[in-house]
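The structure appears below as structure tokens.
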Amino acid sequence: MLTQALLDRLLYFPTRTVGQTPAAAGLPFLDVTFETDDGERLHGWWVPARAPSSGHVLLCHGNAGNIGDRVRHVELLRAAGLDVLAFDYRGYGRSTGRPSEDGLRRDARAALDALLGQEDADPKRVLYLGESLGGAVALALALQRPPAGLLLQSAFTSVRDMARKHYPFIPPAIVPEAFPSLRLIGRLAAPLLVLHGERDAIVPLMHGEGLAEAAPDPKRMHVFAGAGHNDILARAGPEWARTIAAWVREIT
């Protein structure tokens, strides 16, 4: 079995410098800091919707970079009428600690509490959006604290399945069953929207299709033609925002 330290080095690629804030897109925002139940100090942004809010999004980003790389996500969600709490996991950006599977799950719970602590936050209108690795984090949170809706963007079925593609020289049997989303998603008790790029070479489309197939109703999947893993917003940002906004209107 792979050691936890080696698995973590293969899985998490955080950066500490936050390259830009929502101010780069002309957005009003609040810096938010909050503590996890095991004592880590996390950093995030609260960005209110441009128009009257139709819901609040907890944004769980992927395994690389930090929230400074997700300003475009925040900008589009805000323009779609959604408040956003974007946060960095432990070890990312300005957040303390080192990332781990259990740690990221703790971080998401603490971030949800921070979102619910914002003025006018309505627990019945909270949505979780998980990008790539963040999809597994958001799903784990949804099973514990069901949201109004769960969005999975470019999400994988499990770390073991990802290892088969990216580290074929490692026998699958020695890869821990970390973030086993495909096994867990059948327990989801919230509407689901799966978003995936048609040409995703990092997390192939079959992962999104597998998650959508295994999930209970109500569910929907939207595939972005010609898009890969990291360029969905660059190629189809307005389409991405419209798809989310229409789905939110449908489920709320």
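Calculate for the chain the 222 nm mean residue ellipticity that helices alone would give, adding -39,500 (n - 2.57) per DSSP H run of length 4 or more and normalising by residue count, nearest 500 deg cm²/dmol. It would help to have the intermediate numbers written out before the result.
Numbers: 8 runs with 87 residues, N = 252.
Estimated from H runs of four or more residues: -10500 deg cm²/dmol.
Starting from the Cα of Ala5, step 7 Å along the direction of its Cβ; do the same at Ala51; then give the gap between the two resulting points in nm.
5.3
At 7 Å along the Cα-to-beta-carbon direction for both Ala214 and Thr15, put a label point, then send me their distance in nm to one decimal.
3.2
Could you give me the ³J(HN,Hα) list for region 51-68, computed from phi with Karplus coefficients 6.51, -1.76, 1.60 and θ = phi - 60°, whole Hz, x at Gly and Pro?
Result, rounded to whole Hz: 10, x, 5, 9, x, 10, 9, 8, 9, 9, 7, x, 7, 10, x, 6, 5, x.
Around Phe224, which amide H atoms from residues at least 5 apart in sequence, or from another chain, sit under 5 Å from its own amide H, with H modelled in the peptide plane?
Correct list: His196, Gly197, Glu198.
Antiparallel versus total DSSP beta bridges in region 136-228: what percent is that, nearest 5? Present the calculation step by step, with values, prior to reporting the outcome.
Details: 0 of 10 bridges.
Within region 136-228, antiparallel bridges account for around 0 percent of the total.
So if I place +1 on the C-beta of Lys and Arg and -1 on the C-beta of Asp and Glu, and nothing else carries charge, what would the dipole magnitude of region 1-138 be about its Cα centre? I want it in debye, nearest 20. Display every interim value, and only then the final one.
Working: 15 positive and 18 negative charges, 65 e Å.
Dipole of region 1-138, to the nearest 20 debye: 320 debye.
Where Lys and Arg each count +1 and Asp and Glu each count -1, what net charge lies around Ala140 among other residues with Cβ under 14 Å from its Cβ? Spell out each step's value before the answer.
Numbers: positive: Arg105, Arg106, Arg109, Arg145, Arg183, Arg187; negative: Glu101, Asp102, Asp107, Glu177.
Here the charged neighbours net out to +2.
Between Ala190, Ala110, Ala24, find the one with the highest GNM mean-square fluctuation for the chain; connect C-alpha pairs within less than 10 Å.
Ala24
Within region 68-91, whose backbone N sits under 19 Å from a point 7 Å along Cα→Cβ of Leu30?
Taking a point 7 Å out along Cα→Cβ of Leu30, the residues of region 68-91 whose backbone N falls under 19 Å are 74-75, 78-79, 81-88.
Provide the packing ranking of 61-71, 200-210, 79-89, i.e. peptides ordered by the mean count of other C-beta atoms within 10 Å per residue, highest first.
Ranking, from highest mean packing down: 79-89, 61-71, 200-210.
Take each uninterrupted DSSP H stretch in the chain, measure its Cα extent along the helix axis, and return the ones at 20 Å or beyond whose mean Kyte-Doolittle hydropathy is at least -1.0. Write out the running numbers ahead of the final one.
Working: long enough: 101-116 (23 Å, -0.34); 232-251 (26 Å, 0.27).
Helices meeting the criterion: 101-116, 232-251.
Could you derive backbone 3J(HN,Hα) for region 14-19 from the dihedral phi with the Karplus parameters 6.51, -1.76 and 1.60 (θ = phi - 60°), listing whole Hz in sequence and x where the residue is Gly or Pro?
For region 14-19, the Karplus-derived couplings read x, 10, 8, 6, 8, x Hz, x marking Gly and Pro.
Hey, rough spin-label estimate for Asp122 and Arg145, points 7 angstrom out along Cα→Cβ, what's it come to in nanometres?
1.9
Take the Cα of Arg183, step 7 Å along the line toward its Cβ, and report every residue of region 134-156 whose backbone nitrogen sits under 20 Å from that point.
The answer is 134-145, 155-156.
For Arg41, put the label point 7 Å out on the Cα→Cβ axis and report which residues of region 92-133 keep their amide N under 16 Å from it.
Within reach of a label on Arg41: 92-98.
Among the DSSP beta bridges whose two residues both lie in region 4-235, what percent are antiparallel, rounded to the nearest 5?
Working: 10 of 37 bridges.
Antiparallel bridges make up about 25 percent of those DSSP assigns within region 4-235.
Bear in mind these aren't lab numbers, they're just calculated from the coordinates by the rules spelled out. The structure displayed is predicted, hence computed values, not measured ones. All Cβ positions, glycine included, derive from the backbone under ideal geometry; neighbour counts span all protein chains shown.
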